[in-house]
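These notes are about the structure you will find just below.
Where a number appears in this text, it was derived from the coordinates with a stated rule and is not lab data. Since we're looking at a predicted model, the values are computed, not measured. Positions of Cβ are generated from backbone atoms using ideal geometry, with glycine treated the same way; all protein chains shown enter the neighbour counts.
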Ligand SMILES: NC(=O)c1ccc[n+]([C@@H]2O[C@H](COP(=O)([O-])OP(=O)(O)OC[C@H]3O[C@@H](n4cnc5c(N)ncnc54)[C@H](OP(=O)(O)O)[C@@H]3O)[C@@H](O)[C@H]2O)c1
């Protein structure tokens with residue numbers, strides 16, 4: 001029996017943070033550390049997850065540094081503009097650890113990315129955390145997909161990009177545990193494409209007034 | 001977060017500011033809770049672990065389900081299943097935190113890189129391995145040839161701190177005696193004083 005990995009979710013009470021937490025709370029998969037500044041919402045999320053999953057070790061922690069210190073894998077689920085502040089808090093304790101970037105650096109109208117074309121939110125996070133293994137994933141899913149990862153009878157694909165092979169493999173397992181089909185897309189710079197894929201889909205969804213239960217699927221035979 | 005580690009290394013090799021900052025990058029800082037395992041027997045031991053704060057133990061479980069404590073590690077000491085770490089084969093030991101602890105984990109690749117990139121680290125690890133062998137030999141000899149009371153007194157002498165912090169059951173297991181024998185020896189020893 002392998003020791004199970006501990007995952008810290010920074011910004012656990014947000015749309016994505018809570019959706020990811022729910023999808024990973026099945027007993028036997030992971031120890032979960034839920035971090036949020038909002039203690040009331042955090043307590044609510046904690047009992048929501050803990051009651052049906054008494055076998056899972058779940059803790060709520062109000063400090064990003066403490067949660068990351070105890071973790072093997074850190075998911076930064078805050079809004080994109082809070083990442084710099086979070087990175088500064090966790091830099092030292094995230095040394096050698098996997099840090100998952102889920103963000104899409106959208107402008108306020110959701111119509112454009114604020115990053116230039118020669119970089120991505122994931123690569124910027126890697127610059128802020130030079131001693132960590134940043135891996136991009138979950139950015140091409142909507143929060144709603146975590147409730148039902150099977151859409152139109154197909155399990156949605158989730159893309160993964162990162163520079164460290166072992167870290168990418170570990171993250172593939174996380175993606176699988178969350179109910180999705182992991183697809184390893186390439187090194188961290190592929191995040192530029194992945195972040196733009198989500199922009200494309202958000203614009204498409206808004207332009208057509210579709211709902212948010214939608215995902216990417218690569219079809220091949 | 002690295003104070004004990006730096007003083008452990010600094011006591012064996014000369015470390016300047018640059019080397020100190022450099023070497024921190026190779027260690028993964030981890031907080032672990034009391035009763036949490038960092039290694040299960042049967043897995044490969046991926047790290048050697050330095051204890052900054054708290055206490056851990058390594059132990060085996062025999063076919064009858066009895067635990068045998070191999071080592072206690074407190075602040076400033078290292079713990080791992082060295083055979084598994086070096087060979088990449090399955091670990092025989094379990095490693096469990098006996099107190100809420102703060103550790104620094106060093107992986108195989110990181111250890112290699114560290115020895116290449118920070119002058120003196122090869123020497124530090126050589127000394128560490130030497131000390132390991134000495135401790136191991138002492139433990140084997142004590143196991144084979146000392147009486148229960150002698151083993152107890154020896155541990156009291158070299159590690160009084162562990163005696164105070166570990167449970168009676170774990171200390172007895174470490175000394176390969178029953179908890180009853182341990183409590184009898186404790187009484188005898190305190191009566192002699
Ligand atoms: N929503 C989606 O469907 C979706 C899909 C793919 C990717 N993403 C990406 O996921 C990320 C989160 O999006 P979201 O929709 O989940 O946003 P959200 O609902 O606003 O959640 C963000 C959470 O982060 C918390 N937070 C902000 N600053 C923090 C800090 N310094 N420390 C700790 N927590 C902090 C917020 O707490 P407070 O409210 O208390 O400030 C909030 O709970 C974004 O980067 C987004 O691009 C979202």
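Here are a few things to note about the model shown:
- Degrees separating the helix B:148-158 axis from the principal Cα axis of chain B, which is the longest one: 40
- Restricted to Cα atoms, chain A shows a radius of gyration and a Dmax of 16.3, 49 angstrom.
- Histogram of C-alpha separations across region B:146-193, 10 Å bin width, %: 28, 65, 7
- Neighbour counts of other Cβ atoms within 10 Å put A:188, B:155 in the fewest-to-most order B:155, A:188.
- Applying Stokes-Einstein at 4 °C and 1.567 mPa s to the Kirkwood radius of chain B, computed over alpha-carbon pairs, gives a translational diffusion coefficient of 73 µm² s⁻¹.
- Choice from A:30, A:204, A:46 with maximal GNM fluctuation in chain A (Cα, 10 Å cutoff): A:204
- Size of the protein assembly as shown from its Cα atoms: along the principal axes, largest to smallest, the extents are 88, 49, 45 Å.
- Distribution of pairwise C-alpha distances over region B:116-157, 10 Å bins, in %: 26, 33, 21, 15, 4
- Degrees separating the helix B:179-192 axis from the principal Cα axis of chain B, which is the longest one: 80
- Reduced Cα scattering model of region B:87-193, Debye log10 I(q)/I(0), q = 0.11, 0.13, 0.23 Å⁻¹: -0.53, -0.70, -1.34
- Acute angle (nearest 10 degrees) that the helix B:108-117 long axis makes with the longest principal axis of chain B, alpha-carbon atoms: 50
- Per-residue mean of foreign Cβ neighbours for A:94-105 is 2 (Cβ atoms of other chains, 10 Å radius).
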